[in-house]
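Bear in mind these aren't lab numbers, they're just calculated from the coordinates by the rules spelled out. No experiment lies behind these values; they were computed from the predicted model shown. Backbone-built Cβ (ideal geometry, glycine too); neighbour counts: all protein chains shown.
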Amino acid sequence: MRISRSGFLSTVVVAATMLGIAGSSALAAKPAHDIDHYVQQLRSPDPSKRDYAMAYLTATPDPQATTALTGLLKDPAPGLRTEAVYALRDREDATAVEALIEALKDDEASVRAAAASVLGVFHDPRTIEPLLAALADEDRGVRLAAAEAIAPFEDPRAIPGLVAALGDDDDRDRVAAALGRIGRPAFEATLAALQDPDDAVRRGAAEALTQMARKHRDLPVADALLAALDDPDDQVRRKAIWYLGWLKELRAVEPLLAIVANRKAELRALAASALGTIGDPRATSTLIWALKDDDNHLVRDAAEALGKLKATEAADALLGLSRHDDPKVREAAGIALAELGDPRAAAMLVGLLGEELMESDISRALGRVGTTAVQPLIVALGSGSPEARPRAASLLGQSGDARALGPLIAALRDPDAEVRAAAASALG
């Protein structure tokens, strides 16, 4: 029986619930021979009996179950040993901790990795030295699990192993998160990794630095990310652009404007979005200029950014996008106009009701322009597309405007069943 940690835990929860184990009198202490019975059932050819037995041994607070589970760590079947490790994760007592520390020496890498992972849940100082020893394990998965387990202790001895794993595409996010948890002690080593010749290592370092900055806002992460805007790897640049926006780093405005203005540059749309997040008015003219670009992603993100900037001077340029061939661009422009409080946004947004877009976003934007949306919605209810008319009815109902009452009552006799249903719902 071999299943992953997440699969095992799901099996336990489902089995315990379906079989009436969790929260029932079945969890009361059992005689030793009953615990032995469940241990024997783990070898049953019937999967349901095996699941029941492991669910019981995992869920019961009976200390005899702890003894049974630690005993299973010596079982000849690696899969069963691994499951026993995960079953011990909620038993933070001396017996369980000591048994799991011993499991770090198991012949099977999967068992060692599971033991390291579960020991990380306990946050027990007794586990630090054994986990540090596991950092030298021959198996990469074990090393990574051990490093993650040590990270909350902020022990700098875990840093070299984690930095060395930054280049692994499969585990980069886990490694970056672990370095982020270590935080300040790992900063210099991670900063150095941002200069590594390996693109993959630099990607991981950039992610790790952003994780650290969430925990330690005083770390000079922005300085490193500003330099990373010139990195040859687009994924490193992407992380730098996004996070500089999140930080609202004013020093990034000029470099980001240069990216938007350079027609040959990659990540122009992301740079436009970051400028909107930063919120500096210096970006306005370049973003208005970007509305004429051939790149629809850039146009959409520039429109959104102008809305965030409350750039009223962009209103006419945004309105000009009402005839754009990309509905997502029209949506972004309409929502931006609504952000500016421009009443012309109403007709633009109502015209999008027949498109396959996020109706909730359009509805919220229409709410910003108030009663100016009612008349365009009445028109859409009467003569819009088959897709738009029911949506118009719903939005008219939400408006609470008296002008909507007559058209909604008339729509109760509409030949389109969906329109009738929407009108009835709108009228309550």
Read phi for every residue in segment 268-273 and hand back ³J(HN,Hα) as whole Hz from Karplus 6.51 cos²θ - 1.76 cosθ + 1.60, θ = phi - 60°, with x for Gly and Pro.
5, 5, 5, 5, 4, 4
For segment 267-339 and segment 379-418, what is the centre-to-centre distance using only Cα atoms, to the nearest Å?
31
Compactness relative to 2.2 N^0.38 Å, alpha carbon Rg of the chain:
1.35
Segment 83-186 - Kirkwood radius from inverse mean 1/r over Cα pairs (Å):
13.3
Between GLU129 and GLN195, what FRET efficiency follows from the Cβ-Cβ distance if R0 is 35 Å, with the result rounded to 0.05?
0.60
Which whole-number percentage describes the relative contact order of the chain, with Cα contacts under 8 Å and a sequence gap of 6 or more?
6
Give the peptides 191-203, 303-315, 79-91, 169-181 in descending order of average Cβ contacts within 10 Å, highest first.
79-91, 303-315, 169-181, 191-203
Quick check on packing: order 108-114, 231-237 by the mean number of other C-beta atoms within 10 Å, highest mean leading.
108-114, 231-237
Can you figure out the FRET efficiency of ARG184 with ASN296, using R₀ = 41 Å and their beta-carbon distance, to the nearest 0.05?
0.45
Computed FRET efficiency, Cβ-Cβ of ARG174 and ILE409, R0 45 Å: what is it to the nearest 0.05?
0.15
Inter-label distance, nm, simple model (7 Å from Cα along the C-beta direction), SER44/ASP416:
5.8
Computed [θ] at 222 nm, helices only, for the chain once each DSSP H run of length n ≥ 4 contributes -39500 (n - 2.57):
-19000 deg cm²/dmol
Pull out the extension gain between ALA265 and SER363, defined as 0.36 nm times the separation in residues minus the alpha carbon to alpha carbon distance; nm, one decimal.
31.8 nm
With bins of 10 Å, the percent of all Cα-Cα pairs of segment 154-239 per bin from 0 is 21, 58, 21, 1
At 0.36 nm per residue, minus the direct Cα-Cα distance, what do ARG323 and TRP289 gain on full extension? Give it in nm, one decimal, please.
10.5 nm
